[in-house]
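The values are calculated or read from the model by the stated rules, or taken from the named source; none is laboratory data. Computed from a prediction, not measured in an experiment: that's the story for all the values here. Cβ atoms come from the backbone with ideal geometry, glycine included; neighbour counts cover every protein chain shown. Only protein heavy atoms, including side chains, enter the accessible area calculation; ligands, DNA and RNA are left aside. Shrake-Rupley method; radii C 1.70, N 1.55, O 1.52, S 1.80 Å.
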Amino acid sequence: MKATLIQCSDLGFSYENRMVCEQINLNMNEGDYLCVVGQNGSGKSTFIKGLVGLKAPAKGKIDFCGMTRSDIGYLPQQTVAQKDFPASVQEVVLSGTRALFYGAKEKRLAKEKMEQMEIADLADRSFRDLSGGQQQRVLLARALCAAKKLLVLDEPATGLDPIVTEQMYELIAQQNQQYGMSVVMVSHDVSSALWYADHILHLENSMRFFGTTEQYLETSYAAQLLGGGVR
Amino acid sequence: MNLILESVLYYPFMRRALVAGVLLSLCCALLGVNLVLKRYSMIGDGLSHVGFGALALAMALGLAPLAVAIPVVIVAAFLLLRLNSTAKIKGDSAIALISTSALAMGVMAVSMSSGMNMDILNYMFGSILAMTKADVVLSICLCVCVLVLFVVFYNRMFSVTFDEAFAQASGVRVNVYNMLLAVLTAVTIVLGMRMMGAMLISSLIIFPALTAMRLCKNYRAVVVTSAVISVVCFLIGLFISYIAATPTGASIVLVNLAAFIAASIAARLLKRG
């Protein structure tokens, strides 16, 4: 029996008194790979922001079951300002350790995560000179420096070409299977979500489905979102 | 050269301008890197206009200029940061709105209190004679604060500047850092605008950071280079203005412009070569 990691009960978020997603009830265990799916504007990103503490719930609550904020690694969507930010890859990855000063321990951690992301050779390159795929790997390495138990990813494959997207998903799956990292990922790419994740949360402003991927495939939502077969 | 240096240091007002100027240039450069990277460059400009309005108003009412200007500009800095994040009016229009209104109020205040044409010119374009002993002391305090922020909380500053969402999610109190940045910027601008002029002070915040970003590829190098460029450009500008009797603020800005153009050309040549 795996330990419970997150429990949401009647969770809801609002912007200016308008509920954007509500009635979220779910139970996530350690080692789970949960994918959040739904149309644009269905409250997926809001839910993620709530999960990492960027947005306070309007009702209900999230129970982290003993896990603290510092056990979570977050990969937000990239901002415009980052595209031409003068920072070396190492500086970006190290900032994930959230230490006030970087000692040998932090540098070792950063090196280990860069190696896992296969970007160790880019350490001294400038972030702004990298390709989109490389940039995402750097940000993933940073998130991994912060993550002890849970990795939270907001559309990690936005703007990447299909091959690089595939590699990105493989790296995330590897973290889940090989290192036992729990994953929560928002994605509009439903077929990949169903391929990699073992649990699905479907939002259409309120929770429509939560359960295992096998169960989800039998619902009508899966057919609607996929608009055809699963690969 | 020695002779010029000696004669420069002979005048107390020059000594004050030299000390305060070097410290303020350093503060501007360090704060500027973060403001530019956060896309807040225009805030510096907006705040200097607000500072002008506040100074003019204080003079017209016979109040101590700094005691009025510093709190007013700090409040304006908070307002601008908030507008930028909540954005009912978009950030850039909000800045234009606030800065032109403050400028208009300042001009009104000056024109209503008679016989201050010289003062208005001094506020707008700065005067080397404007630095008092109190200004120098304040500059030293400010510089210590900015340096502590950048030495002790260097990694936090990077994290907050590079990715606010990530920093906040990992438990960094982003708002505290943004407020610190706003307060320090506000004080820097009010102190600096007396020498540099309300119209010109924001260039001291923006230019060194942009010049450094042309040349350097990582954050640490950008911060250090920006600080060095800022202080060197200030010194060159000050000496030019002393020797050629040109306006101090304008001389410093033009030296900064020259450095920026040189860096841009160098960067382009390096890329090609």
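So which pairs qualify, if the first residue must be in region B:256-273 and within 22 Å of B:ILE206 (Cβ to Cβ), the second must be assigned to a helix (DSSP H, G or I) and among the polar types (S, T, N, Q), the Cβ gap must be under 7 Å, and the two must be at least 6 apart or on different chains?
B:ASN256/B:SER203; B:ALA259/B:THR211; B:PHE260/B:THR211; B:ALA263/B:THR211
Can you tell me which residues in region A:104-147 are crowded, with 24+ Cβ neighbours inside 10 Å and either on the phi > 0 side of the Ramachandran plot or free of Cβ contacts under 8 Å to residues at least 24 places away in the same chain (or both)?
Of everything in region A:104-147, nothing turns out to be crowded, with 24+ Cβ neighbours inside 10 Å and either on the phi > 0 side of the Ramachandran plot or free of Cβ contacts under 8 Å to residues at least 24 places away in the same chain (or both).
Of a type in the set (Ser, Thr, Tyr) and within 12 Å of chain B (Cβ to nearest Cβ): does that describe A:SER126? Explain how you work it out, then say what you get.
Working: of a type in the set (Ser, Thr, Tyr): yes; within 12 Å of chain B (Cβ to nearest Cβ): yes.
Criteria met by A:SER126.
Of A:SER182, A:SER187, which residue is buried (at least 16 other Cβ atoms within 10 Å of the Cβ), more than 27 Å from A:TYR102 (Cα to Cα), under 15 Å from the mean Cα position of the chain (by Cα) and not hydrophobic (A, V, I, L, M, F, W, C)? Outline the logic, then answer.
Values: A:SER182 fails: more than 27 Å from A:TYR102 (Cα to Cα).
A:SER187 is the lone residue from the list that is buried (at least 16 other Cβ atoms within 10 Å of the Cβ), more than 27 Å from A:TYR102 (Cα to Cα), under 15 Å from the mean Cα position of the chain (by Cα) and not hydrophobic (A, V, I, L, M, F, W, C).
Scan region B:208-228 for residues that are surrounded by fewer than 24 Cβ atoms within 10 Å (Cβ to Cβ) and among the β-branched types (Val, Ile, Thr) and report the count.
Summing the residues that are surrounded by fewer than 24 Cβ atoms within 10 Å (Cβ to Cβ) and among the β-branched types (Val, Ile, Thr) in region B:208-228 gives 4.
Of B:ILE243, B:ILE205, which residue is open to solvent by less than 10 Å² (accessible area, probe 1.4 Å) and either of a type in the set (Asp, Glu) or in contact (Cβ under 8 Å) with a residue 60 or more places away in the chain (or both)?
Details: B:ILE243 fails: open to solvent by less than 10 Å² (accessible area, probe 1.4 Å).
Matching residue, one of B:ILE243, B:ILE205: B:ILE205.
Pairs only if they're at least six apart or on different chains, beta carbon under 9 angstrom, first in region B:155-180 and closer than 15 Å to B:PHE78 by Cβ and within 8 Å of chain A (Cβ to nearest Cβ), second in a helix (DSSP H, G or I) and open to solvent by less than 20 Å² (accessible area, probe 1.4 Å); list them, first residue then second.
none
Just the residues that are open to solvent by 10 Å² or more (accessible area, probe 1.4 Å) and among the aliphatic types (A, V, I, L, M), please, taken from region B:150-180.
Across region B:150-180, the qualifying residues are B:VAL151, B:VAL152, B:ALA165, B:VAL172, B:VAL176, B:MET179, B:LEU180.
Could you please find all residues in region B:49-67 being at pLDDT 90 or above and farther than 16 Å from B:SER113 by Cα?
B:HIS49, B:VAL50, B:GLY51
Among the strands (runs of 3 or more DSSP E) confined wholly to region A:19-103, which include 3 or more residues that are more than 14 Å from chain B (Cβ to nearest Cβ) and surrounded by 16 or more Cβ atoms within 10 Å (Cβ to Cβ)? Steps first, answer last, please.
On the way: elements: A:33-37, A:59-63, A:72-75.
Hits in region A:19-103: A:33-37.
Just a yes or no: is a residue in region A:129-137 more than 10 Å from every other protein chain (Cβ to nearest Cβ) and among the basic types (Lys, Arg)?
Here is the first cut: in region A:129-137, the ones more than 10 Å from every other protein chain (Cβ to nearest Cβ) are A:130-137.
Now narrow it down to the ones that are among the basic types (Lys, Arg): A:137.
Checked against the condition, which is being more than 10 Å from every other protein chain (Cβ to nearest Cβ) and among the basic types (Lys, Arg), region A:129-137 yields at least one hit.
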